[in-house]
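For reference, the structure is listed below as structure tokens.
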Amino acid sequence: MSKHSIPSTLFGRRLREARIRVGIPQDKLGVLIGMDEGCSSARISRYETGVHEPKINTVEKLANVLDVPLVYFYCKDDSLAEILVCYSTFDDNQKSQLLLYTLEIGKK
């Protein structure tokens, strides 16, 4: 499979979206999470295309480098996935305000 193949898994799609959002090439992303330079591009490509899915400790490293919450990779709802990314940038006060707002509109 080429590095331009369409992701066949939710995880692969989210990984590619997050990687492209921050503008990191596959090989550099692999190196940033501790992979060997010689295989990093191929491994990230396999994750993105759904050939392989990484172990949770690797997903944690990917989330950290890509600045997304770990749950982003597994969220089926696209809108909620984007909300999770935004939420992860909020300070504690903003998180509290969002929770209060969500609880309030949920009662209506």
*Share of Cα-Cα pairs in the chain beyond 16 Å, in percent?*
60
*Inter-site label distance for Ile20 and Asp78 at 7 Å from Cα along Cβ, in nm*: 1.1
_Gained length - Ser88 relative to Asp36, 0.36 nm times residue gap less alpha-carbon distance_ = 15.8 nm
*In the Gaussian network model of the chain, springs joining C-alpha atoms below 10 Å, which of Ile83, Ile24, Ile44 carries the largest mean-square fluctuation?*
Ile83
*Provide the per residue accessible area, probe 1.4 Å, for the chain, rounded to a whole number of square angstrom.*
65
_Orientation-averaged projected area, Cα convex hull of region 1-54 (nm²)_ = 3.3
_MRE, 222 nm, helices only [DSSP H, n ≥ 4, -39500 (n - 2.57), over the chain, to nearest 500]_ = -18500 deg cm²/dmol
*May I ask you to evaluate 6.51 cos²θ - 1.76 cosθ + 1.60, the Karplus curve with θ = phi - 60°, for each residue of region 79-89 and list the ³J(HN,Hα) values in order in whole Hz, giving x for glycine and proline?*
5, 5, 4, 5, 4, 4, 5, 4, 4, 5, 8
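The values are calculated or read from the model by the stated rules, or taken from the named source; none is laboratory data. As the structure is a prediction and not an experimental result, all values here were calculated from the model. In this analysis, Cβ positions are derived from the backbone assuming ideal geometry, glycine residues included, and neighbour counts consider all displayed protein chains. The accessibility values were calculated without ligands, DNA or RNA, using every heavy atom of the protein model including side chains. Shrake-Rupley method; radii C 1.70, N 1.55, O 1.52, S 1.80 Å.
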